[in-house]
Amino acid sequence: MKQVIVFAGTTEGRILGEWLAAEGVKTLCCVATEYGKELMKPEPGLDVRQGRLNEEEMCVLFEKEGRPLVLDATHPYASAVSENIHAACGKAGCRYLRLIRSSTGLEDADPEGCAQAGVTVVKDVKEAVSWLSQRAGRIFVTTGSKELAEFTALPDFRERVYARVLATPEVVRHCTDLGFAGPHLICMQGPFSKELNVAMLHQTGAAYLVTKESGRAGGFPEKLEAAREAGAEVVLIGRPQEQEGISVEEGVRFLMEQFSLKQAPDFPEVERNGILERVEKTQEPETARASLIGIGMGVPENMTGEALEAFRQADCILGSGRMLDAFRDWGKPLFDAYDPVKMLDYVKQHPGYRRIGVALSGDVGFYSGAKRLTAVFEEAGIETELIPGISSAAYFCSRLKISWEDVKLMSIHGRSQNLIAAVRRHFRTFTLLGGKDSVETLCGKLLEYGLGEVSLYIGERLHYPEERITKGTPEELKGQKFDGLCVALIENLGYQSGIRGCIPDEEFLRGEAPMTKCEVRGLSVEKLNLKEDSVVWDIGAGTGSVTVEMALRAFEGEVWAIEKKPAAAGLIRENCRKFGTPNVHVIEGTAPEALADLPAPTHVFIGGSSGNLKEILKLLLEKNSGVRVVINAITLETVSEANACLKELPFTDVEIVQIQVSKAKHVGPYQMMMGQNPVYIFTAQGREETQNETA
């Protein structure tokens, strides 16, 4: 049983229904369309019924709900509906309360005064069409879709008439069946600002604006002001003769007394002094606001209610390619772009669009363009808000029935990340993929770096009817065809968390190349103080043992191994594949010539200089005056040269450590300590403020 039934054909009706339910009054709201139902905000105690009812159906409903109070808050022009509600209440014995939207009284004003205000008042749509048929010029119709068929009586209506209607599939189909299409059919949800109305009048080149007197809540003042600014004449369809009733404000007071309510609803302002006074006032332009909205998997069923509402309120929708697919039938202006600067240019070129919706894939906080868009828009003075969506990671893990709280999140879609390192160090790794051969490439990489035993789950077209999830090993999936945009979850039962250090010498492929021994290597790498994203050079890389350990530490960075001997360079590549370090780039050549085109390093290890130590150090300082350097020296000549260079060149915090390692060797039943050559480890930091001293 309900206490109140609201026929909510207006904004005021919807607000009243939501307010009553929020205040604990059991309420049923009746709306005619699915779109009207979607506009209702869910509240405990609020039921919404969608569909048009005749008088008999209303009677049945009123009796079923215990003959509650009936509020008629339908549109002022829906006189036939009001008559049915009134008659049904009489038959069912319900109290009927008609709430009347405030009128400007303009349709009853003196004709001469209306003409001076640029307004022609007619009694109905048919009379408006007849009046327009005797005049030339384009027509902007804002009376909705129900009576749009009347305008087809104009012989040139397809070229002359521009109709603004609600953005629902049913309305679009109805209007296109009548012959309204392309730029002549504008589908948007109002009410609209004056600026947007002005922009549309200019865009269509309209000489006439046809409207109904829908009051302030229906955006009528903004239409009249816009027509005056754009130089268009208003053709106003007068209100039908209304039944007796009370104003919305009086209705609110009655309801508060009837149900002992203390908090009034947040209601649109009502015109007090009439529209003729209002048009003389200036209005501050509404500040542009961009909503950056995560659309989840891209279909309306997957979007949050907050996201859908933000798109409904938007004057235009921006997005890239498939992000706009869900909005093709909405009738709103769409702009296809990925670059934030291009989006900003579009917004600047359309000043009438004050509420901008930007569609972003998945969630705005997961490898999204929201960060850059926020910076670009706010620098231009456009306010932004971020509305989260369901990320592909959360959705995909839910489809696999696993928790994603301990999954390593990655993306190799349009970016470079060390996915191999993540797979080696985590049980589960999720990544966004991009490109038609992305799965093929991923499987090849996993096999190349010794990860052929992992399990792969590939998700394509998530949440679409053609969604597909495929499981297999890299070998099984390699060669299969997958969608260009998909995701992968990789499970590695043999993962090793943490970072390896002091890898035993015998694990490396040796060949004939020299190798920095385990203990010296461990101390030297430790002295570099590497970070996860460091850019590192290994000069004179030998077998690549130091290269590998640096790449394992700087797994989000890059390591450049410089080696002059081709055989040794080949060993480096093999060792990198063995230890899973795809972030290593091998350069064959002699320093410093081979270093010229490399990116500036943050850290450098020098294991061999071929007699060019001073030239190498000078180049390092030119590349990055704050570079951190570790030099290994065995011969006394190299020790002397390194000491002299670090004194002469602008380095600071110079440290010299001499280390000699002895290891036990079995000799018969005994163990004998076998000494290795002593090694000098030089550590130094470039002085950033003296960058030009090396010139």
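The values are calculated or read from the model by the stated rules, or taken from the named source; none is laboratory data. Everything numeric here is computed off the predicted structure, so don't read it as measured data. Note that each Cβ is placed from the backbone with ideal geometry, even for glycine, and that neighbours are counted across all protein chains shown.
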* Quick check: anything in the stretch 201-213 surrounded by 21 or more Cβ atoms within 10 Å (Cβ to Cβ) and at pLDDT below 90? -> yes
* Residues (modelled with pLDDT under 90 and surrounded by fewer than 16 Cβ atoms within 10 Å (Cβ to Cβ)) located in the stretch 462-480 -> 464, 465, 466, 467, 479
* Does the stretch 661-675 contain any residue that is surrounded by 10 or more Cβ atoms within 10 Å (Cβ to Cβ), out of contact with any strand residue (DSSP E or B) (no Cβ under 9 Å at 6 or more places or on another chain) and assigned by TED's automatic domain parsing to the domain that holds residue 625? -> no
* From the list 347, 358, which residue is touching a helix residue (DSSP H, G or I) at 6+ places or on another chain (Cβ under 9 Å) and either over 24 Å from residue 390 (Cβ atoms) or small (Gly, Ala, Ser) (or both)? -> 347
* Can you tell me how many residues in the stretch 620-652 are assigned to a loop (DSSP other than H, G, I, E, B) and either within 15 Å of residue 536 (Cα to Cα) or β-branched (Val, Ile, Thr) (or both)? -> 6
* To do: Determine whether residue 671 is more than 28 Å from residue 558 (Cβ to Cβ), outside any helix (DSSP H, G or I) and out of contact with any helix residue (DSSP H, G or I) (no Cβ under 8 Å at 6 or more places or on another chain).
  => yes
* **Candidate set from the stretch 439-461 (those that are closer than 27 Å to residue 303 by Cα and surrounded by 20 or more Cβ atoms within 10 Å (Cβ to Cβ)); member that is nearest to the chain's Cα centre (by Cα)** => 459
* Structure fact -> Looking across the stretch 567-607 at residues that are part of a strand (DSSP E or B) and without any contact (Cβ under 8 Å) to a residue 60 or more places away in the chain, the single one that is nearest to residue 531 (Cα to Cα) is 584
* Report yes if some residue within the stretch 467-474 is of a type in the set (S, T, N, Q) and not assigned by TED's automatic domain parsing to the domain that holds residue 583; otherwise report no. => yes
* Selected residue [farther than 19 Å from residue 590 by Cα and among the aromatic types (Phe, Trp, Tyr)] from 651, 605 -> 651
* To do: Please work out which one of (1) under 21 Å from residue 34 (Cβ atoms); (2) surrounded by fewer than 16 Cβ atoms within 10 Å (Cβ to Cβ) is the condition residue 189 fails and give its number.
  => (2)
* To do: Determine if the stretch 508-517 includes at least one residue that is farther than 21 Å from residue 661 by Cβ and crowded, with 24+ Cβ neighbours inside 10 Å.
  => no
* Asked: Residues that are touching a Ser or Thr at 6+ places or on another chain (Cβ under 9 Å), acidic (Asp, Glu) and surrounded by fewer than 20 Cβ atoms within 10 Å (Cβ to Cβ): which helices (runs of 4 or more DSSP H) entirely in the stretch 10-64 hold 1 or more of them?
  -> 34-39
* Taking the stretch 431-459, which residues are touching a Cys at 6+ places or on another chain (Cβ under 9 Å), over 16 Å from residue 474 (Cβ atoms) and of a type outside the set (Gly, Ala, Ser)? -> 432
